[in-house]
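Trainee: Supplied in structure tokens, the structure appears directly below.
The values are calculated or read from the model by the stated rules, or taken from the named source; none is laboratory data. In this text the structure is predicted, and so the values were computed from the model without any measurement. All Cβ positions, glycine included, derive from the backbone under ideal geometry; neighbour counts span all protein chains shown.
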Amino acid sequence: MAYRRSGGRVDKTRLTQVYRALQQLGITLMPAYSPQARGRSERVFRTLQDRLPHELALAGLTEMAAANRYLAERFLPAHNRRVAVPAAETGTAFVPWIGTPLAEMLCVQEERVVANDNTVRYQGRSLQLPQDPHRFHYVKVTVRVHAYPDGTLAVFHGPRCLARYSAEGVLRETSSMTRPPHTLRRARR
């Protein structure tokens, strides 16, 4: 979602990580401004929060394993019969993803400006940018830091990954670790 003040409109110029990822995936977020739209989701939550404990109590269930069985075998099938609407078309609506790896979109991405010593500061770590065959240095250039769920980091300049780091900020891989095109030409001679 984009940032939003309570009761105000969504600010599409200051994006949250979720809103940014949805945009990169080509998914349009439709904020619910009306009380009616908010009410629909609140009714579902209220149904599950108010009704479910009563259902479990009426069934005399006190153990988690028995409650989980009850949910799977009785409550959810009955609930779905009441509220489910059959699909207009048969088959699946899912399509395979082709494009940028999902890990690059579904991570935290934050912009940073490279310092005079060619480092990027990110969450208390100083990430030294290695030498690059495409550019002498990146001082004062805006780069993008990707923070992955496993704690590892990567620094990007535009679409190109400059370097990857461990969770501790130790350099693991650089863009120059792959052979640049001029070395491939030399190898063919």
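Trainee: Contact list please: Cβ distance under 8 Å, first residue in the stretch 128-149 and in the same structural domain as Asp117 (by TED's automatic domain parsing), second residue in a loop (DSSP other than H, G, I, E, B) and of a type in the set (Ser, Thr, Tyr), pairs at least six apart or on different chains.
Mentor: Leu129/Tyr138; Asp132/Tyr138
Trainee: Give me the residue from the stretch 114-127 that is more than 11 Å from Gly169 (Cα to Cα) and of a type in the set (A, V, I, L, M) and, out of that set, surrounded by the fewest Cβ atoms within 10 Å (Cβ to Cβ).
Mentor: Of everything passing the filter in the stretch 114-127, Ala115 is surrounded by the fewest Cβ atoms within 10 Å (Cβ to Cβ).
Trainee: Separate question: Which of the residues belonging to the stretch 98-113 are assigned to a loop (DSSP other than H, G, I, E, B), at pLDDT below 95 and surrounded by 11 or more Cβ atoms within 10 Å (Cβ to Cβ)?
Mentor: Thr100, Leu106
Trainee: Looking at the stretch 32-73 only, could you name the residues that are of a type in the set (Gly, Ala, Ser), surrounded by 11 or more Cβ atoms within 10 Å (Cβ to Cβ) and in a helix (DSSP H, G or I)?
Mentor: The answer is Ala37, Gly39, Ala66, Ala67.
Trainee: Here is a further query. Checking Pro130 against (1) closer than 25 Å to Thr16 by Cα; (2) in contact with a strand residue (DSSP E or B) (Cβ under 6 Å, 6 or more places away or on another chain): exactly one of these is not met. Which one?
Mentor: (1)
Trainee: Right, Ala78: within 30 Å of Leu48 (Cβ to Cβ), part of a helix (DSSP H, G or I) and either among the small types (Gly, Ala, Ser) or in the same structural domain as Leu15 (by TED's automatic domain parsing) (or both) or not?
Mentor: Spelling it out, Ala78 is indeed within 30 Å of Leu48 (Cβ to Cβ), part of a helix (DSSP H, G or I) and either among the small types (Gly, Ala, Ser) or in the same structural domain as Leu15 (by TED's automatic domain parsing) (or both).
Trainee: Separate question: Give me a count of the residues in the stretch 75-93 that are under 18 Å from Val44 (Cα atoms) and either of a type outside the set (S, T, N, Q) or in contact (Cβ under 8 Å) with a residue 60 or more places away in the chain (or both).
Mentor: Total meeting the criteria: 10.
Trainee: Further question on the same structure: Being within 16 Å of Arg172 (Cβ to Cβ) and at pLDDT 95 or above is the filter; apply it to the stretch 128-148 and report the residue that is surrounded by the most Cβ atoms within 10 Å (Cβ to Cβ).
Mentor: If we take residues in the stretch 128-148 being within 16 Å of Arg172 (Cβ to Cβ) and at pLDDT 95 or above, then Leu129 is surrounded by the most Cβ atoms within 10 Å (Cβ to Cβ).
Trainee: If I go through the stretch 16-59 residue by residue, how many of them are in contact with a strand residue (DSSP E or B) (Cβ under 8 Å, 6 or more places away or on another chain) and either assigned by TED's automatic domain parsing to the domain that holds Glu111 or at pLDDT below 80 (or both)?
Mentor: Total satisfying the criteria: 1.
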